[in-house]
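Student: Would you mind keeping the following structure in view while I ask a few things?
The values are calculated or read from the model by the stated rules, or taken from the named source; none is laboratory data. These numbers come from a predicted model, not from an experiment. Here the Cβ positions follow ideal geometry from the backbone for every residue, glycine too, while neighbour counts run over all protein chains shown.
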Amino acid sequence: MFVIGEMVCATIPITLRAIIRMILITINNIYAIAAYLWWTNVLRPLRWIKPELYHAIEGTIYRWLQEAVAYWLWTAGYTSNLVLILIVACGRVIW
């Protein structure tokens with residue numbers, strides 16, 4: 001019996017589903033973190049040329065990384081309330 005909306009398959013034991021889920025999450029996190037680090041290194045020269053643009057792009061990429069983690073939590077049945085707090089110091093916004 002397959003329930004597509006809840007992504008439940010009664011024919012696979014829960015232990016096997018947990019192991020498969022853990023493997024997929026690990027692969028996804030390794031890929032996502034590697035891509036994040038690659039893009040921040042590629043954009044590093046922009047940090048000295050136009051720091052505001054660099055921080056805006058890097059902040060967006062970091063939020064995407066957090067959203068990937070929140071998605072895995074959500075599909076497991078957990079809820080995540082992410083609150084972005086901007087600290088304003090010396091007239092600059094620090095992410």
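Student: Starting from the stretch 16-42, take each residue that is more than 21 Å from residue 61 (Cα to Cα) and in a helix (DSSP H, G or I) and list its partners that are hydroxyl-bearing (Ser, Thr, Tyr) and modelled with pLDDT under 90, counting only C-beta distances under 6 angstrom and pairs at least six apart or across chains.
Tutor: none
Student: Let me ask another. Among (1) loosely packed, with under 11 Cβ neighbours inside 10 Å; (2) modelled with pLDDT under 85; (3) among the small types (Gly, Ala, Ser), where does residue 80 come up short?
Tutor: (1)
Student: Could I ask something else about it? Which residue is surrounded by the fewest Cβ atoms within 10 Å (Cβ to Cβ), if the candidates are limited to the stretch 43-77 and must be aliphatic (A, V, I, L, M) and not in a helix (DSSP H, G or I)?
Tutor: Once the filter is applied, the top-ranked residue is 76.
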